[in-house]
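The values are calculated or read from the model by the stated rules, or taken from the named source; none is laboratory data. Keep in mind that what you see is a predicted model, and the values were worked out from it rather than measured. Using ideal geometry, Cβ is built from the backbone for each residue, glycine included, and neighbour counts are taken over all protein chains shown. Note: areas computed on protein heavy atoms with side chains; ligands, DNA, RNA excluded. Shrake-Rupley method; radii C 1.70, N 1.55, O 1.52, S 1.80 Å.
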Amino acid sequence: MGAVTDKALDDPARRAIRGDGTTEDEWNDWPGLARLPAIDAEQLVPAGARVVVVAPHPDDEVLAVGGLLAQLAQQGREVVVIAVTDGTASHRGSAVWPPERLARNRPRESLRALERLGLSIEPVRLELPDGGLQAMQAMLAAQLVSLLRPRDVVFTTWRRDGHPDHEATGQACALAAASAGARLVEVP
Ligand SMILES: [Zn+2]
């Protein structure tokens, strides 16, 4: 991430994910990190606002805002998690992890993880196709509009994340949040 410039981010091919992702050390060395202001849970989610986490795949909610969710759970805040897909395309061609098994296990793992963070909530599952969200962006946005309320704070994956499903979900959330009068926070 350290070498990535804004210009490079304009090219989707340059954003595409290759290899093993960005290490913690690379993130910590990124100069942009030092420029970001510190912010706490109360500032991110004003009193009385509901938190809606929109996860393209089961695990994105924990990877994106797990620490924040634990803080919000401690404060007794209202949290809704929307699972866009069941993550059935994570092990393509695997005999051990076929899509049916993933569809059972990944949502269950997400539920257990939320429990560990202090949230006894069942994610809303939209069951859209894993790997196919770019083609369904408008439909996803329409579904989200019906689930969002004004003044909700919506957390989701960044529109320029590099993963096509994450980018499509970020775009759909931006449209839906603007239409519903909700606040959007995109998470890299
Ligand atoms: Zn994901």
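Tabulated data for the structure shown
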read-out: Candidates R159, R125, filtered to the one that is free of Cβ contacts under 8 Å to residues at least 60 places away in the same chain, within 16 Å of the ligand (Cβ to nearest atom) and under 12 Å from the mean Cα position of the chain (by Cα); value: R159
read-out: Every residue from region 78-96 that is closer than 20 Å to L133 by Cα and of a type in the set (A, V, I, L, M); value: V81, I82, A83, V84, A89
read-out: Qualifying residue in region 39-56 (condition: within 16 Å of the ligand (Cβ to nearest atom) and farther than 12 Å from T156 by Cα); value: no
read-out: Residue tally, condition touching a Ser or Thr at 6+ places or on another chain (Cβ under 6 Å) and without any contact (Cβ under 8 Å) to a residue 24 or more places away in the chain, over region 137-154; value: 0
read-out: Residue in region 162-184 that is nearest to the ligand (Cβ to nearest atom), counting only those that are modelled with pLDDT of 95 or more and not in a helix (DSSP H, G or I); value: L184
read-out: Verdict on A89 being aliphatic (A, V, I, L, M), within 16 Å of the ligand (Cβ to nearest atom) and farther than 14 Å from P123 by Cβ; value: yes
read-out: Strands (runs of 3 or more DSSP E) wholly inside region 44-160 that include at least 2 residues being modelled with pLDDT of 95 or more, open to solvent by 80 Å² or more (accessible area, probe 1.4 Å) and of a type in the set (D, E, K, R); value: 124-128
